[in-house]
Structure formats: C-alpha cells, structure tokens
1. Picking from E128, E133, E146, which residue would you name as being of a type in the set (D, E), in contact with a Gly (Cβ under 8 Å, 6 or more places away or on another chain) and part of a loop (DSSP other than H, G, I, E, B)?
2. Have a look at D102, D121 and point out the one that is acidic (D, E) and over 26 Å from A244 (Cα atoms).
3. Can you tell me which of A257, A267, A283, A299 is at pLDDT 95 or above, outside any strand (DSSP E or B), surrounded by fewer than 19 Cβ atoms within 10 Å (Cβ to Cβ) and not charged (D, E, K, R)?
4. Checking the condition in contact (Cβ under 8 Å) with a residue 60 or more places away in the chain, crowded, with 19+ Cβ neighbours inside 10 Å and more than 22 Å from the chain's Cα centre (by Cα), which residue from Y98, Y150 passes?
5. Can you say whether A221 is more than 20 Å from R321 (Cβ to Cβ) and touching a residue at least 40 places away in the same chain (Cβ under 8 Å), as far as the supplied structure shows?
6. Which one of these is buried (at least 20 other Cβ atoms within 10 Å of the Cβ), out of contact with any His (no Cβ under 7 Å at 6 or more places or on another chain), at pLDDT below 95 and not in a strand (DSSP E or B): D230, D238?
7. Starting from the stretch 369-384, keep only residues that are crowded, with 19+ Cβ neighbours inside 10 Å, then list their pairs with residues that are assigned to a loop (DSSP other than H, G, I, E, B) and among the aliphatic types (A, V, I, L, M) whose Cβ atoms are within a distance under 8 Å, requiring at least 6 positions of separation or different chains.
8. Of the residues that make up the stretch 187-196, is at least one over 25 Å from L140 (Cα atoms), in the same structural domain as L316 (by TED's automatic domain parsing) and surrounded by fewer than 17 Cβ atoms within 10 Å (Cβ to Cβ)?
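The values are calculated or read from the model by the stated rules, or taken from the named source; none is laboratory data. Since this is a predicted model, take the numbers as computed values, not measurements. Note that each Cβ is placed from the backbone with ideal geometry, even for glycine, and that neighbours are counted across all protein chains shown.
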Amino acid sequence: MQFVPEKYSLPDAPMQPFIDVAEIERYLQTACGDMYSVQNVVRKSLAKCRLSLSEVAVLLNAESPEAVRFIKEAAQELKTAVYGNRIVLFAPLYVGNYCVNDCTYCGFRATNDAAVRVTLDAQQLIREVEALEDHGQKRLILVFGEHPGYTPEYIAEAVRTVYAVKKGHGEIRRVNINAAPLDIAGFRTVKAAGIGTYQIFQETYHPESYTMYHPRGPKKAYANRLTALDRALEAGLDDVGIGALFGLYDWRFEVMALVRHTNHLEACYNVGPHTISFPRLQAASYVNTNVQFAVSDEAFTRLVAILRLAVPYTGLICTAREGESVRREVLYYGVSQIDGGTKLELGGYADASHSVQNLHREQFQLNDVRTLATVVDELLDGGFIPSFCTACYRKGRTGEHFMEFSTPGFIKRFCTPNAIFTLAEYLEDYADDALKQKGYALIEKNVAAIAEDAVRATIRHRLQRIRDGMRDVCL
C-alpha cells in the first residue's frame with residue numbers, strides 16, 4: 001500500500017442536482033406547526049411510513065413545548081418499534097489527512113500550514129487495527145482526506161489490509177469508508193475490496209453557502225459531490241451514507257435537504273441511504289466556527305427526533321463530536337449507531353502517548369473521549385444492547401434486500417439475537433468480571449423476554465457455544 005501524491009482532476013458529473021432551494025424554503029415558510037398538524041404527521045410516522053417534505057416541515061415548524069415533547073416521545077416509540085434496544089458500535093480510523101481542498105471549517109484544509117500531515121503506511125495501519133481489535137472493535141470506518149494520492153486502488157488496498165488483520169479473537173468484520181467522491185469505475189474498484197457503506201457528506205445542501213465554504217479544490221464542485229452517491233449506486237454499491245455538517249446553514253433547511261436526498265435515492269434506485277449523519281460544527285485548528293448558524297443542544301435533540309420520524313428505517317449516527325450528555329439523550333430519540341473509544345489523531349490508537357487532544361493533528365475537536373469499555377458499560381446501565389453485529393452485510397441483507405427485510409419489521413428477528421451474540425463475544429474476550437456479569441444479566445433479561453420458545457432455545461444454545469469458544473455466531 002503506497003501513497004503517491006499526484007495532481008488532481010475533477011471527474012465528470014453528468015447527473016444533475018436535485019435540491020430545489022425554493023421548494024424547501026416554500027415548505028418551511030408555509031407549513032403549520034400546530035399541535036393538530038403535528039399529531040396527524042406523527043400518526044403516519046408511527047405507522048412506519050416515510051414522511052414527505054411537507055410533513056417534515058410541519059415537525060420542523062413545531063415550536064411549542066407540548067409539540068416538541070410529543071415529537072420526541074413519538075420518536076422514542078418509533079425507534080423502539082423498529083430497532084428495539086440495540087445500539088451499534090463502531091470506531092473511525094483516520095488513514096491519511098493530506099487534502100487539496102480548502103474547506104473553511106476543517107482542520108485538514110490545504111492552507112492550514114500548522115496541520116501535521118500523515119498517511120499511515122501498511123505496517124502503521126496494521127498496528128492501528130490490532131490496537132482496535134485489542135479493545136473489541138468489529139466495525140471500522142476508514143477516513144481519508146481528499147487527495148489524488150488516495151486513489152480508488154489505494155483505498156481498496158487499505159480495506160483489504162484491514163480485513164486481513166486477525167489478532168487473537170479479534171477481527172474487523174465491516175469496513176466502511178468516508179472519502180472523496182469517485183467516478184463509477186472508482187466505486188467499482190472499492191466495491192470489489194468488500195467495503196461496507198460508502199459515506200459522503202454534502203456538508204451543506206445550500207448551494208450559495210456551499211460555494212462560500214469551499215473556495216478551492218475539487219470539493220468546490222457542488223453538483224459533483226451531491227451526485228456522488230448516485231454514481232456509487234450505479235456502480236453497484238449496496239449501502240451509502242449521507243450527512244450534513246450542522247452549523248454551516250439553517251438546521252431546518254439541512255434536515256429538509258437530507259430527507260430530499262433520501263427521497264431522491266429511493267425514487268431512483270429503490271433504496272435509500274443506509275445511514276444519515278448529522279455532526280455539529282466543532283473547533284478545529286485555525287478555523288473559526290460560524291456562530292450565526294450554531295445549533296443548540298435543544299435544537300440538536302429535536303432534529304434527531306424529527307429525522308427518526310421522517311425516515312423510520314434509516315440508521316442514524318451520532319459521533320463523539322458530541323458530548324456525553326447529548327449522546328446519551330439522543331439514543332432515546334432515534335440514534336442507532338455511535339462510536340466508542342474514538343481517537344482522531346493518525347496513529348493514535350496504537351500509540352498510547354497520544355492521550356491529549358492536539359487540534360493540529362486532528363480534523364476537529366472531540367467531545368466524548370470515553371473508552372469503548374466505558375461506553376459499553378453505560379449502554380448496559382441504560383438497558384441498551386451494545387451491538388457489534390455485521391451479519392446482515394455478510395448474509396446479503398443489504399441494499400434493496402435489506403429494505404425487503406427491514407421495512408416490514410422482520411429485521412428484528414435477526415438483529416436482537418445477533419446483537420446478543422456479539423455482546424456475548426465482547427464479554428468473553430474483552431470485559432472485566434464486573435462488566436461481564438452486568439452484560440450477561442442484560443442478555444438473560446432480553447432472552448427471557450422473547451416470546452417464541454424455539455427462538456429462545458436457539459439463542460441459549462448459541463450463547464453456550466460462544467462460552468465454549470466459538471466465534472462469529474449469527475443468524
């Protein structure tokens with residue numbers, strides 16, 4: 001795996017943008033957010049139907065404490081019905097932070113001379129993965145700056161390297177990617193390496209603001225970035241992830257645009273985004289945060305609840321950009337995936353000396369620095385099942401097939417048992433005695449609550465096989 005700097009060239013973007021600013025603004029200006037309207041919209045969402053833009057605008061315009069409380073309670077009910085009490089865990093792994101873009105909000109921006117530029121070589125990458133496996137991680141997202149040296153072939157080789165690392169019972173079973181837009185041939189190259197979800201965030205969907213924040217580099221091409229995941233799906237990728245960086249523009253507009261992006265993908269490819277992310281703007285090296293569009297904790301928890309009601313079957317990701325208290329709260333309103341034990345500095349997992357945050361070495365400030373074990377412990381205290389499950393991806397339940405299983409709610413007959421199995425593996429291999437006891441108590445409570453005798457017996461039998469040393473047990 002060799003990083004070779006090159007000049008960049010902007011790929012063609014034959015697909016046309018699908019965000020209509022006037023349409024979104026019209027809905028936001030005209031939607032009535034009174035309690036009666038909110039109740040009608042929520043009723044549709046609780047029937048597990050995705051909401052239209054006009055209906056999402058109703059929820060966004062609801063300002064009364066009564067209506068906001070009703071929205072959050074409904075989101076909690078819907079999340080429990082669709083996802084149960086499991087929370088999927090993952091870790092980000094930064095592979096390289098060279099970047100030719102000059103995004104004004106990012107510590108990796110090309111003109112930031114204070115940034116310490118690093119690209120992990122193969123052995124450094126292996127050490128990072130081994131360190132992550134030592135803590136029990138099974139799911140990673142590899143993060144790359146946008147640079148011509150990070151070619152599709154380079155990314156694919158990094159993925160293959162990660163999958164090949166096995167240490168003890170440790171292995172990475174799902175490698176997702178957050179990287180620059182590719183052309184169709186490039187997406188086919190990374191697909192062949194066995195990647196999971198390919199994430200590309202639009203940052204802001206507002207074209208005028210986008211131009212202001214991205215003055216130089218290939219990322220300045222709004223349309224090319226917006227249609228990147230169309231190319232990914234055209235190339236045959238099963239799962240894609242969308243997101244916006246909240247704080248660059250009006251948060252209500254960004255929520256509407258995320259739903260519009262979801263609508264577009266479903267209409268064109270019969271499958272929506274596998275995940276939606278909604279990070280908030282954070283401090284970074286030589287970056288001034290934009291206070292004009294700052295998103296308060298109150299607004300942030302609301303937008304999570306609204307997104308859950310708008311897209312019932314899409315995974316919602318809340319990263320360690322957020323502080324502990326906010327992350328705990330939004331678990332109830334719709335978040336289904338979080339990271340734990342996160343380190344943003346390149347090489348930071350393997351090098352224990354990287355214990356203090358250094359914004360010159362990181363993309364942005366981290367606000368939740370809890371270890372994975374601490375996160376697992378606190379999830380158990382909250383009655384959640386920490387899940388490292390990757391079964392659906394490796395059983396072919398992805399893309400359209402995933403929607404076939406998930407939209408009627410059938411996925412719960414797989415997800416709860418598989419979450420339990422991966423938790424048991426974690427407890428056996430990585431937990432101390434106290435955490436192990438707490439975890440198995442929660443497992444027993446959840447198994448006992450399963451109504452079907454045959455399913456309950458199957459789970460108990462496979463749990464015993466895990467205790468006996470078997471791994472990668474799944475349905």
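1. Unique residue meeting the criteria: E146.
2. On the way: D102 fails: over 26 Å from A244 (Cα atoms).
Testing whether each residue is acidic (D, E) and over 26 Å from A244 (Cα atoms) leaves just D121.
3. Exactly one of A257, A267, A283, A299 is at pLDDT 95 or above, outside any strand (DSSP E or B), surrounded by fewer than 19 Cβ atoms within 10 Å (Cβ to Cβ) and not charged (D, E, K, R), namely A299.
4. Exactly one of Y98, Y150 is in contact (Cβ under 8 Å) with a residue 60 or more places away in the chain, crowded, with 19+ Cβ neighbours inside 10 Å and more than 22 Å from the chain's Cα centre (by Cα), namely Y98.
5. Criteria met by A221.
6. Residue meeting the stated conditions: D238.
7. Going by the 8 Å Cβ cut-off, the qualifying pairs are V376/A431.
8. Within the stretch 187-196, not a single residue is over 25 Å from L140 (Cα atoms), in the same structural domain as L316 (by TED's automatic domain parsing) and surrounded by fewer than 17 Cβ atoms within 10 Å (Cβ to Cβ).
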